[in-house]
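Structure, as structure tokens:
Here, each number is a calculation from the coordinates, and none is a lab measurement. What you see is a predicted model, and the numbers here were worked out from it, not measured in a lab. Glycine also receives a Cβ, built like all others from the backbone with ideal geometry; neighbour counts cover every protein chain displayed.
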Amino acid sequence: MYEKLGNTVLKTGEQMEVGVINVPDEPHAEEIKKFLGHKPGNFKWHIDRCVTESLDALETRFYVGKIDGNVITNIMTVEHEGIGILGHVFTLPEQRRKGACKGAMAYQMEDFRQRGGHALYLGTGYNGHPYHIYHSFGFESVIPESGFMKYHVNTDFEVRYFSPVPAHPKSVEWHDWPKLTALSGIVGWDALRSLKWSVYGPTNLESGFLSFKHALETEDAYDDAKLLISSDGAIVGWATVSRDARWRPATAVLDLFFHPNFTESVPALLSALEFPELKVQSYVDSGAEEKAAVLEAAGFACEGRFKSQFTYSGQHYDVLVFGREA
């Protein structure tokens with residue numbers, strides 16, 4: 001369904017209509033797919049699907065600017081319960097430098113707030129022109145000098161959103177996408193967050209989740225994957241088990257990450273996983289003491305230490321290998 005939000009005057013004096021397409025929407029499906037047809041791989045996979053089918057409870061919106069009825073600019077958001085990722089910001093080359101993107105974004109951000117949104121995340125190049133556009137709308141770098149940016153309607157969002165309450169394991173669904181990025185964006189916790197996803201420190205999972213979800217649906221890349229969800233609806237942990245083909249016979253790798261306020265619920269998350277009949281190993285950075293304790297309580301033993309195995313944010317980390325026999 002297309003809803004007109006208003007009009008804006010571009011630098012050229014042209015009138016641009018701004019509206020939002022809530023998908024799935026068959027009448028606008030081909031128009032969206034054509035306009036964003038340059039998007040690669042799993043981004044295109046999501047676009048092609050969301051315009052014609054519901055993806056669990058994920059809300060996908062395309063905010064578009066039109067001149068004479070033709071789309072010239074787009075901003076997409078994927079959201080669930082007020083948490084979102086902003087992406088696919090694109091203006092036709094011949095329509096750039098007119099202020100079209102900023103004109104559309106002004107309506108998009110106001111619509112997000114009016115609908116009761118809480119937090120948005122995006123990825124861009126640090127200190128480039130787009131970065132400063134996003135900054136002008138209230139986005140800030142998650143960590144210094146980073147293009148991973150956040151916008152919180154209220155400054156105490158993370159304190160309230162991740163406040164400790166009971167939590168339980170669940171299967172992975174499409175609408176977990178933006179909430180996983182809120183979790184992966186927390187600062188001041190484990191450095192090595194997922195070996196499988198190459199997540200080190202606060203990371204935008206806009207692309208990473210799509211690769212993960214595509215693999216879950218189309219490949220045998222994972223033996224199992226579960227998330228930890230709080231009673232307030234926040235995704236507060238993840239655990240994935242996948243084969244480590246580097247070794248013969250094969251072993252499995254457990255990737256585990258969780259918010260520190262929910263450490264007591266992590267044993268239930270691990271218990272919900274179906275482990276293969278293989279040796280399972282988990283790699284833990286030397287600063288992740290609570291993760292190490294959780295693994296030991298679950299029957300994993302520290303088998304060794306790789307000295308100065310990786311560097312993150314100027315700091316060298318050892319990696320501890322925890323293992324559990326089949």
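A DSSP coil position with no more than 10 other Cβ atoms inside 10 Å describes the following GluC sites (Glu not before Pro) in the range 232-298: 274, 277. Cα centroid distance between the range 40-60 and the range 198-257, in Å? So the two Cα centres are separated by 20 Å. A Förster radius of 30 Å, combined with the Cβ-Cβ distance separating residue 326 from residue 22, puts the computed FRET efficiency at roughly 0.05. Taken about its Cα centre, the range 172-234 carries a charge dipole of roughly 260 debye when the Cβ of each Lys and Arg holds +1 and the Cβ of each Asp and Glu holds -1. Summarising the label geometry, the points placed 7 Å from Cα in the beta-carbon direction at residue 268 and residue 135 lie 4.3 nm from one another. With a cut-off of 11 Å between beta carbons, the residues surrounding residue 260 carry a summed charge of -3, where Lys and Arg count +1 and Asp and Glu -1. Inter-part distance, the range 72-86 to the range 107-177, computed on C-alpha centroids, equals 10 Å. I need the shape label for the range 227-326. Rule: rounded when a/c is under 1.5, else prolate if a/b > b/c, else oblate, with a, b, c from the alpha carbon gyration tensor. Note, shape of the range 227-326 comes out oblate. Where in the range 74-110 is the amide nitrogen less than 18 Å from a point lying 7 Å along the Cα-to-Cβ axis of residue 9? Residues passing the 18 Å test: 98-104, 106-107. Hey, if you put +1 on the Cβ of every Lys and Arg and -1 on every Asp and Glu Cβ in the chain, which of 88, 275, 263 ends up farthest toward the positive end of that dipole? Farthest along the dipole direction, towards plus: 88.
Across the chain, the fraction of Cα-Cα pairs farther apart than 28 Å, rounded to a whole number, is 44%. Taking amide H as placed 1.01 Å from N in the peptide plane, the amide H of residue 7 sits under 5 Å from that of 18, each at least 5 places away or on another chain.
Residue 173 to residue 211: extension gain in nm, 0.36 nm per residue of separation minus the Cα-Cα distance?
That works out to 12.3 nm of additional length.
Rounded to 0.05, the FRET efficiency of the residue 81 and residue 302 pair, given R0 = 45 Å and the Cβ-Cβ distance, is 0.70.
Simple spin-label model, 7 Å along Cα-to-Cβ: residue 110 to residue 318 in nm? The modelled label-to-label distance comes out at 5.7 nm. For the range 84-145, the Cβ-based charge dipole about the Cα centre amounts to some 200 debye (Lys, Arg positive; Asp, Glu negative; other atoms uncharged).
Largest GNM mean-square fluctuation across 259, 316, 152, computed for the chain with C-alpha springs under 10 Å, falls on 316. Per-residue ellipticity at 222 nm, computed for the chain from helices alone with -39500 (n - 2.57) per DSSP H run of at least four residues, works out to -7500 deg cm²/dmol.
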